[in-house]
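The values are calculated or read from the model by the stated rules, or taken from the named source; none is laboratory data. Note that the structure is predicted; figures quoted are calculated from it, not measured. Here the Cβ is made from the backbone with ideal geometry for all residues, glycine too, and neighbour counts use every protein chain on show. The area values use the complete protein model at the heavy-atom level, side chains included, leaving out ligands, DNA and RNA. Shrake-Rupley method; radii C 1.70, N 1.55, O 1.52, S 1.80 Å.
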Amino acid sequence: MTPWYEGLDYVSQALLDQALDRLEQVDADALPALLAGAKKGYPHIRKLQLGGKVRLRPLLCTGPHDKREELTFLMPAFERNGKFDPTDAVQQADKRREEVESDEAKRIPYER
Amino acid sequence: MNAKMHERLRRLFRDQSYRRTYMESFLNTAIAAQIKALREARGLSQKDLGSRINTSQPGISALENVNYSRWSLSTLRKLAEAFDVALVVKFVSFGEALDEVTAFDSSRLNKLSFEEDSVFVDDEQETESLSSPANVTQLSEFVAQRSVRQSALVASSSQTKTILVSREVLHG
């Protein structure tokens with residue numbers, strides 16, 4: 001469990017858990033509009049679109065090692081009026097994706 | 001059933017706001033995913049389906065969005081009719097809901113239309129028409145097609161992903 005997750009209220013935790021549970025069970029293509037491109041120029045980064053009052057937008061990528069079997073949670077973020085909080089969330093996520101791609105030890109199974 | 005997920009949710013569902021939000025979000029997700037799967041399995045575009053239930057293409061697109069929650073029973077009835085499937089709406093305990101949630105997979109999304117449903121094939125009539133030598137080829141084709149369909153359902157049900165996390169998130 002991450003400190004970021006622990007800081008969310010129960011409603012936000014439930015929305016996030018529900019989305020990740022479904023992504024574990026079925027292919028993202030079967031879950032329309034759950035994952036979307038995060039920002040132009042960052043083709044590998046996807047944002048998880050969750051409902052609710054707080055616009056949670058965790059940033060993920062498929063793979064990067066096995067694109068069919070894995071999703072990696074890269075960066076917690078929020079989106080307000082079309083802008084990410086933190087503002088450089090997508091850039092940070094992309095940097096982390098590159099790090100994880102070059103070194104598998106930089107990621108671990110997401111235990112919840 | 002995913003035992004690990006079941007155990008985790010059994011613990012978290014003790015909080016009322018958590019379980020309510022989780023199940024509402026699951027319902028929206030499952031409905032959107034099932035509408036899309038049923039539509040695609042029948043070879044329909046969003047526009048085709050819209051014309052069947054007197055809704056616009058953007059209306060169908062909205063119904064297929066996992067975050068959409070304003071669908072009505074009336075619309076779901078029309079969709080069931082368009083797909084030639086039954087609609088079942090029922091109240092269940094959270095314990096039963098947990099079983100449903102943890103068993104969710106691709107094979108649960110598409111459902112056969114009445115015409116494809118083997119339950120309603122008239123066995124006597126089918127045996128009679130397929131027992132003549134001229135129909136042996138038809139019979140083997142019928143068996144082969146059913147076998148392919150079942151294999152496809154099994155294959156699609158095994159699509160599971162592993163969720164990983166960057167260590168940076170953990171340290172954040």
Tensor-based shape of chain A (alpha-carbon gyration tensor, a/c under 1.5 rounded, otherwise prolate or oblate): rounded
Listing of segment A:21-35 residues, each with accessible area lower by at least 30 Å² in the full protein assembly than in the chain alone (probe 1.4 Å): A:ASP21, A:ARG22, A:GLU24, A:GLN25, A:VAL26, A:ASP27, A:ALA30, A:LEU31, A:PRO32, A:ALA33
Summed buried accessible area for B+A [probe radius 1.4 Å, Å², rounded to 100]: 4000
Linear extension gain, B:GLU81 paired with B:GLU24, 0.36 nm per residue minus alpha-carbon span: 18.1 nm
Charge dipole of chain A about the Cα centre (unit charges at C-beta), most positive-ward option of A:THR87, A:HIS44, A:GLN25: A:THR87
Relative packing of A:76-87, A:13-24, which averages over residues the other C-beta atoms within 10 Å, highest first: A:13-24, A:76-87
Two-decimal Rg to Rh for the protein assembly as shown - Kirkwood Rh, Cα set: 1.03
Principal axis dimensions, largest first and in whole angstrom, of segment B:71-111 by Cα: 31, 22, 16
Average partner coverage of A:87-97, which counts Cβ from other chains inside 10 Å: 1
Peptide B:2-10 - average C-beta neighbours from other chains (10 Å radius): 2
Accessible area per residue, Å², the protein assembly as shown with all protein chains present, probe 1.4 Å: 56
Average beta-carbon neighbours from other chains, 10 Å sphere, peptide B:23-30: 5
Computed [θ] at 222 nm, deg cm²/dmol, chain A (DSSP H ≥ 4; -39,500 (n - 2.57); rounded to nearest 500): -9500 deg cm²/dmol
Of A:LYS47/B:LYS47; A:LYS40/A:LYS95; A:LYS83/B:LYS36, those spanning more than 18 Å from alpha-carbon to alpha-carbon: A:LYS47/B:LYS47; A:LYS83/B:LYS36
Fraction of accessible area attributable to carbon and sulfur, the protein assembly as shown (%, probe 1.4 Å): 50
Paired Rg and Dmax values of segment B:22-115, which use every Cα atom, in angstrom: 13.2, 39
